[in-house]
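Beneath this line is the structure, given in structure tokens, with notes to follow.
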Ligand code: MN
């Protein structure tokens, strides 16, 4: 078990949820946006980086228009195999609700620092340059980022 996935595994009971437990596929880097009808309807934006899926929950959905900033709350790393997951997480389980793939495609990493990630997405719906920028300041959570399409 990849140590990055400890939090992912700890939150789930794989005898109850159909989500992947983490055996990983060997695939080219991709991004995926999953539409997740949990207690609140949101998007999950995931980028394959460092051999895992870096993940953000986007409460108001990933913007398709230019320059629209949306909150993106970083969540635990997910296994690469989660990128093809669609299904129903049962009531009572973490993230209970329907998961569907909204978009998936390749991406090019243009910039990466501790508080900024810039990628060019080539999906069926999402095409263009997207920036994820970490919030600054001590009042906001370390996990809060903004996502926007810049080009
Ligand atoms: Mn979610």
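The values are calculated or read from the model by the stated rules, or taken from the named source; none is laboratory data. Quick caveat, the model's predicted, so the values are computed rather than measured. Cβ placement follows ideal geometry from the backbone for every residue including glycine, while neighbour counts extend to all protein chains displayed.
Quick notes
- Residues that are within 10 Å of the ligand (Cβ to nearest atom) and assigned to a loop (DSSP other than H, G, I, E, B), drawn from the stretch 19-38: 38
- Selection count, the stretch 101-116, where residues are over 21 Å from residue 28 (Cα atoms) and either within 13 Å of the ligand (Cβ to nearest atom) or out of contact with any strand residue (DSSP E or B) (no Cβ under 8 Å at 6 or more places or on another chain) (or both): 1
- Members of the stretch 3-18 that are part of a loop (DSSP other than H, G, I, E, B) and within 16 Å of the ligand (Cβ to nearest atom): 11, 12, 17, 18
- Residue check for residue 74: within 15 Å of the ligand (Cβ to nearest atom), assigned to a strand (DSSP E or B) and either modelled with pLDDT under 95 or buried (at least 20 other Cβ atoms within 10 Å of the Cβ) (or both): no
- Among residues of the stretch 40-58, those that are more than 10 Å from the ligand (Cβ to nearest atom), more than 11 Å from the chain's Cα centre (by Cα) and within 26 Å of residue 93 (Cβ to Cβ), counted: 1
- Tallying residues that are crowded, with 16+ Cβ neighbours inside 10 Å and within 13 Å of the ligand (Cβ to nearest atom) within the stretch 77-92 yields 4.
- Filtering 62, 119 for residues that are more than 12 Å from the ligand (Cβ to nearest atom), part of a loop (DSSP other than H, G, I, E, B) and surrounded by 14 or more Cβ atoms within 10 Å (Cβ to Cβ) leaves a single hit, 62.
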